[in-house]
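See below for the structure under consideration.
The values are calculated or read from the model by the stated rules, or taken from the named source; none is laboratory data. Worth saying up front: this structure is predicted, and the values here are computed from it rather than measured. Glycine gets a Cβ as well: all are built from the backbone with ideal geometry, and neighbour counts include every protein chain shown.
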Amino acid sequence: MGIRQAQSLTQIGFLPLVRQLLPFGLAAVLIWYLSGHPAMVDTTRILAELGSITPMQWFLALLATACSFWAVGRYDVVLHRQLGTDVAPAQARRAGIVAIALSQTVGMGLLTGALVRWRMLPSLSLWQCSRLSLAVALSFLAGWSVVAAATVLVLPVPVPFLGLVATLILVLASGLLVVALLRPVALSHLPIPPFRRLVRILALAAADTGAAALAFAILVPEAAGLPLALLLPAFLLALGIGLASGSPGGVGPFEAVLLVLLPATAPEPLLAAVLAFRLCYYVIPAVLAALVLMVGPRSAASPPLPLAPSGAAAPGLLAIARAEAQLTHQGPFRLWSDLPGKGGWLVAETALNLVTLGDPIGMMHPGLLSAAQASAAQSDRGIAHYKCSGRTAAHLRRRGYRVVLCGAGALLHPARFNLDASGCATLRRKCRKAQKAGVSCTISPDGLRPMEEIAAVSASWVQRHGVERGFSMGRFHPDHLPGQKLFLARRQNRVVAFITFHATDGEWSLDLMRQSDDAPDGTMQALMAAAIAAAAAQGVGLLSLAAVPSERPGLMCRLIDSATGAAGLRQFKSGFAPRWQPLYLATPGRLSLAIAAIEIAHAIARPAPLKGNGCHGSNRCSGLPRWRRL
């Protein structure tokens, strides 16, 4: 064997071998230490303490063990969703319980867990099962570290620097949760679950380890005189270190940590409890899991239909979509359907919710709402219906949803619009001012768009108003203009304002309104009047001036209007005498209603970076056109 070949074998095989032998070495050292101090351990007393455990204690310990494994199986459910395996929850839960029951007892957890899951989930490859086993192990260790850190801070353990380490773990975990909640896009390229899944993993870790600790505490003989405040942190540290070691059942490190952290406790009742715990928590579950493994996999119900990939459109929906569906090209929204071509929704994901925008697209068949709820649940999110009409809101209210008025949409029928109507006096005055100032308004063909001038107008607007709002509101980017209706206002042969519309053959929906500092008074009203006239000439049946927040009495609403500019928008759109359509926000419960409102408001005020080739991840990329920045 050559030197290089020997080095390769050493690099590949030596370190894993050491890792697997180390726990056994620790166990051997512990046995040697105890055998060398016979005064410390009385084997006869250990057996006597073990025999003193009552049938009720055994029953309660087994019940606590069952509760722990109930949580254990749900790690797999969460992580199957994270990895997108399309395995049904019941099947994932069963495979997870069997895999963990065997791997924690047999040892070599990653390898054993992967092989068991491969046997129980024939639809997955060995590589997928290996990834899943690694994800479950890392998730447990992350959840355990947070639970153990919180426990150590509440119930201190006399170990140097342990409190400092626990504080650092909780600070890092809190920071991760805050980022996952407020800026989920920052974690989108990392293998980190979204906020709701992170919280669920922590909750499962608390339930899993808490139930295991309860099982152990039940089995500790009264002679030990061990209060729970001392036992709980010591057990959690021993459990995590033991399982992380990779030895079968954590043998060696588990006992060593317990004896070190509980020096005032007699070792005989403690070791008796360890033996009883290993029987309840390791041996019996492993035997049952082996029997299930011999039976093998069983068929399960199909999982809910997953959401389409971001930016994709459900087949057949584009033909029946509203103009607002063009948001799929520039924001977080995409078209989703459970029955392609029949009905669906415009949807976006926030950290905690699947948000639908507006009414369903196409047919509102009976199963559509349930299918949307199932898809939201599959990604561990709630569901919120934003800016839906009164008809949809009434349907949701009958289904038990909580509904609140959130805004009003301004709608026009271009063919019926009359600038000389009595309600348009202010509009006529504004249009005359713009005309006297020499403003001309025209539609801009696709191939003849002065992009540099348009970008300069948008940059001027952004400089006056700050970062553009987003989510369901439009933001400027040159890549988004193709396919939109663009109207320009010129003065002295220079572009001073523009507006854009999302458009289908029968519907236009206002997207952007931008004007420069020196645009004459009435410019925007003149642009909108020109757009309405063009829509009427093209036979467009409906034109939406977009929505404004609901107008409610009270100081708080006036302050919100002042901060967001909603009052000015409402006044501007009222000048066209539109039909105001009430819009609602609906969620399954009161708390979820408040959470959804906060999330949507945050997504609008602090949107994710725009899609497009020229954005470079910045919300302020509208200052110059793409070709000028290269």
With the requirement that a residue be over 18 Å from His477 (Cα atoms) and in contact with a Lys or Arg (Cβ under 6 Å, 6 or more places away or on another chain), what does the stretch 592-610 give you?
Leu593
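When the residues of the stretch 442-466 are filtered to those that are in a loop (DSSP other than H, G, I, E, B) and out of contact with any strand residue (DSSP E or B) (no Cβ under 7 Å at 6 or more places or on another chain), which remaining residue is modelled with the lowest pLDDT?
Gly447
Residue-by-condition table, conditions (1) touching a residue at least 12 places away in the same chain (Cβ under 8 Å); (2) farther than 11 Å from Ala99 by Cβ:
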{"position": "Thr112", "(1), (2)": "yes, no"}
{"position": "Leu115", "(1), (2)": "yes, no"}
{"position": "Trp127", "(1), (2)": "no, yes"}
{"position": "Leu132", "(1), (2)": "yes, no"}
{"position": "Ala135", "(1), (2)": "yes, yes"}
{"position": "Phe140", "(1), (2)": "yes, yes"}
{"position": "Val146", "(1), (2)": "yes, yes"}
{"position": "Ala150", "(1), (2)": "yes, yes"}
Go through the stretch 345-393 residue by residue and tally those that are surrounded by fewer than 21 Cβ atoms within 10 Å (Cβ to Cβ), touching a residue at least 24 places away in the same chain (Cβ under 8 Å) and of a type in the set (Ser, Thr, Tyr).
2
Out of Ser68, Ser123, Ser139, sole residue that is at pLDDT 85 or above, surrounded by fewer than 19 Cβ atoms within 10 Å (Cβ to Cβ) and polar (S, T, N, Q)
Ser123
Restricting the stretch 197-232 to residues that are crowded, with 21+ Cβ neighbours inside 10 Å and not aliphatic (A, V, I, L, M), the residue that is farthest from the chain's Cα centre (by Cα)
Pro221
Conditions: (1) outside any helix (DSSP H, G or I); (2) within 26 Å of Trp70 (Cα to Cα). Pro263 meets all but one. Number of the miss?
(2)
Of all residues being of a type in the set (D, E, K, R) and out of contact with any strand residue (DSSP E or B) (no Cβ under 9 Å at 6 or more places or on another chain) in the stretch 162-208, which is nearest to Gly73 (Cα to Cα)? Just the residue, please.
Asp208
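For the stretch 85-102, name all the residues that are assigned to a loop (DSSP other than H, G, I, E, B) and among the β-branched types (Val, Ile, Thr). Explain how you work it out, then say what you get.
Narrowing the stretch 85-102 to residues assigned to a loop (DSSP other than H, G, I, E, B): 85-88.
Answer for the stretch 85-102, where residues must be assigned to a loop (DSSP other than H, G, I, E, B) and among the β-branched types (Val, Ile, Thr): Thr85, Val87.
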Quick one: how many residues across the stretch 226-249 are assigned to a helix (DSSP H, G or I) and over 21 Å from Val152 (Cα atoms)?
2
Got at least one residue in the stretch 266-278 being of a type outside the set (Ser, Thr, Tyr), more than 18 Å from Ala213 (Cβ to Cβ) and assigned to a helix (DSSP H, G or I)?
yes
Condition first: surrounded by fewer than 18 Cβ atoms within 10 Å (Cβ to Cβ), part of a helix (DSSP H, G or I) and not hydroxyl-bearing (Ser, Thr, Tyr). Now tell me which residues in the stretch 571-592 satisfy that.
Gln571, Arg590, Leu591
The stretch 276-304, residues that are under 23 Å from Pro122 (Cβ atoms), modelled with pLDDT of 85 or more and out of contact with any helix residue (DSSP H, G or I) (no Cβ under 8 Å at 6 or more places or on another chain):
Leu291, Met294, Val295
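Residue-by-condition table, conditions (1) surrounded by 20 or more Cβ atoms within 10 Å (Cβ to Cβ); (2) at negative phi; (3) not in a strand (DSSP E or B); (4) not aromatic (Phe, Trp, Tyr):
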| position | (1), (2), (3), (4) |
| --- | --- |
| Gly483 | no, no, yes, yes |
| Ile499 | yes, yes, no, yes |
| Asp511 | yes, yes, no, yes |
| Asp517 | no, yes, yes, yes |
| Ala533 | no, yes, yes, yes |
Scan the stretch 496-524 for residues that are under 19 Å from Lys436 (Cβ atoms) and hydrophobic (A, V, I, L, M, F, W, C) and report the count.
4
